[in-house]
Amino acid sequence: MLAVAHLNVWYGVTEILRDVSFDVPDGRIVALLGGNGSGKTTILNTLTGLVKPRAGSVLLAGEECAGLRADQIVRKGMVQVPQGREVFQSMSVVENLEMGAATRRDRAELRAGIEDMMGLFPTLARKSRQRAGSLSGGEQQMLAIARALMARPRCLLMDEPSAGLSPVVVDTMIDAILALHRRGLTILLVEQNVGVAAAAADSAHVLQNGEIAFSGPAASLLDNPEVLRSYLGR
Amino acid sequence: MSRLLGRRTLLALGVAALAAVPTFANPYVVFVGNQLMLYVILAVGLNILVGYAGQLAFANAAMFGIGAYGTGLLQVHFGVPYYAAAPAGALLAMLIGLAMAWPALRLSGLYLALATLAFAQFTLWVFLHWESVTFGAGGFKVPPPSFAPLPLPSNLGIYYLSLLAMAALVAIAWNVVRSRIGRAFVAIRDGEVAAQALGIDLFRYKAIAFGMSGLYAGIAGALHSALLNYVSPEGFDLFQMVLHKAMIVVGGLGSLAGSVVGATTLTLILEALREFKSTQEIAFGALLLVFVIFMPDGIVAALKQRLQGWEEPLRRVRGRPGAAAGAEARP
């Protein structure tokens, strides 16, 4: 579904990503791990058009996305759930969901999409009129995911969905990610939390200083002391 | 009972009262009423940009001036009739507003505030020093527009033209903020990165917000030049900018009703302090401080808490106000 090849990104005179290549097969969850400053968020921002790469290609179902504008990439089916939840605080839950479908025009489809999200996230259905800023951290994260799903993505990019959440809420989050997986959604999961990646993803890549330093099955991460120590600081 | 004190009822009563003012009031009250309507237009336009779209811009007074100068200078230098010069002046302000969306793509917060403030000061400098065109610090007279064949003197004609323009522009703003465009404004205000990640075209919506705001200020400027039959730089200085900002802060940021309430409150205070000109700036500064510290959501927030009918949902509502948020989500 998603094929990233030889991606190079610079911020001014600093090289942030160096020759990064990886694939996210159709219907799979692939985790991208790494410590602070390893380049994880830059990869996501490059994939979604917020940052322009200096070189490399980003193919979504065979179509080139590198260098396109963010709205063009969303229309092609690649949507990001931003880091730190970033829900629209002053809007209601439903209004947030409507904004997720900003690139779509069909009102019947919009209503169907909202109903679908309410079924997938019952907590949001109970609080549909509530302002997003008054939801708990876990609920805001659910809303951010539901909002991204409203764009009907073929590939969902999630930036540290477990950040700042309590362990119980993290478990709920993993369940939600697995539920999306069962629906056949392709997911690129960017995480610092190895436990979340191991529990949810099929395979994983570990980033260090803007390069992929390790690739393998996600379940093997927790059993690999060298990866844990060298790349993830554990 | 509280429904009778709702936003729509009071706004309708306000428009009806403004329409009736010339039948019983003296020319001074008519003039103040006309100024109030221009300030409503200015505050609504600025609130779209600052309150809804979250763009901290400080060029509203300059846009107001561009509308007034554009209209007046076309009449004086080229003999263009008012009814052609006024739309041209307003359009010029809108185009300059649109152009400001470019820097706004790269700048935000304080940096955008400084850039737009610099633009406003530059505009004022041009008004003051390009004497061969703008007539410098002394300003210039503009001919009063004729309303023939209507049996209206110029001042009453401008009054009713301002009333029509205000009603139309408030109605347009009301529809825009409840549309997809208004929700995109609020999304950009609440989280620019998230909005962009969802495919909201930042440049497009910032351009709409700056363009609308420029157009509103330009229309107010065009009406202002005809109201005074005179245009001079001092009407578009930093004090004027502070006044516009104070209106939307006092009324309520991100609220059209707040723009109307703020413009009305500040115009009345302005008139009450007219005898003590030097105290006006101090009073507005103090008022801004008090509201920013103790009532940051403005007068409208207090009304929303106490009275029904002051809600302003970001969508079109059928039936009872306030019943809409979430209604579409129900299976």
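General observations
- Checklist (1) under 15 Å from the mean Cα position of the chain (by Cα); (2) modelled with pLDDT of 95 or more; (3) not β-branched (V, I, T) applied to B:A59, failing item: (2)
- A residue that is aromatic (F, W, Y), touching a residue at least 24 places away in the same chain (Cβ under 8 Å), buried (at least 21 other Cβ atoms within 10 Å of the Cβ) and farther than 15 Å from B:P233 by Cβ occurs somewhere in the range B:75-89.
- Near pairs, Cβ below 6 angstrom, 6+ apart or cross-chain, from the range A:186-210 (within 23 Å of A:I16 (Cβ to Cβ)) to any residue that is modelled with pLDDT under 90 and of a type in the set (S, T, Y): A:N193/A:S162; A:H205/A:S215; A:V206/A:Y231; A:L207/A:S38; A:Q208/A:S38; A:Q208/A:Y231
- Of residues in the range A:200-234 being at pLDDT below 75 and more than 26 Å from A:L156 (Cβ to Cβ), the one surrounded by the fewest Cβ atoms within 10 Å (Cβ to Cβ): A:E226
- The helices (runs of 4 or more DSSP H) located wholly in the range B:38-153 that include 2 or more residues which are over 28 Å from B:I188 (Cα atoms) occupy B:60-78, B:82-99, B:109-129, B:131-134.
- When the test is whether a residue is more than 20 Å from A:P161 (Cβ to Cβ), surrounded by 14 or more Cβ atoms within 10 Å (Cβ to Cβ) and either of a type in the set (K, R) or in contact (Cβ under 8 Å) with a residue 60 or more places away in the chain (or both), A:R28 does not pass it.
- Subset tally (residues that are within 13 Å of the chain's Cα centre (by Cα), closer than 20 Å to A:T41 by Cβ and assigned to a helix (DSSP H, G or I)) for the range A:164-189: 2
- Filter result for the condition that a residue is farther than 22 Å from A:L2 by Cα and within 14 Å of another protein chain (Cβ to nearest Cβ), over A:L165, A:L135: A:L135
- The single residue among A:V79, A:V87, A:V74 that is within 11 Å of another protein chain (Cβ to nearest Cβ), assigned to a strand (DSSP E or B), at pLDDT 90 or above and surrounded by 19 or more Cβ atoms within 10 Å (Cβ to Cβ) turns out to be A:V79.
- Residue in the range A:9-27 that is within 13 Å of the chain's Cα centre (by Cα) and within 14 Å of chain B (Cβ to nearest Cβ) present: no
- Subset of the range A:99-119 [facing chain B (nearest Cβ under 7 Å), surrounded by fewer than 24 Cβ atoms within 10 Å (Cβ to Cβ) and not polar (S, T, N, Q)]: A:A102, A:R111, A:E115, A:M118
- From the list B:A86, B:A99, B:A68, B:A62, the lone residue that is within 30 Å of A:V51 (Cα to Cα) and of a type in the set (G, A, S) is B:A99.
- All positions within the range A:120-163 that are assigned to a helix (DSSP H, G or I), of a type in the set (K, R) and surrounded by 19 or more Cβ atoms within 10 Å (Cβ to Cβ): A:R147
The values are calculated or read from the model by the stated rules, or taken from the named source; none is laboratory data. If you're wondering where the values come from, they're calculated on a predicted model, not measured in any experiment. Quick reminder, even Gly has a Cβ in these numbers, built from the backbone with ideal geometry, and neighbours come from all protein chains shown.
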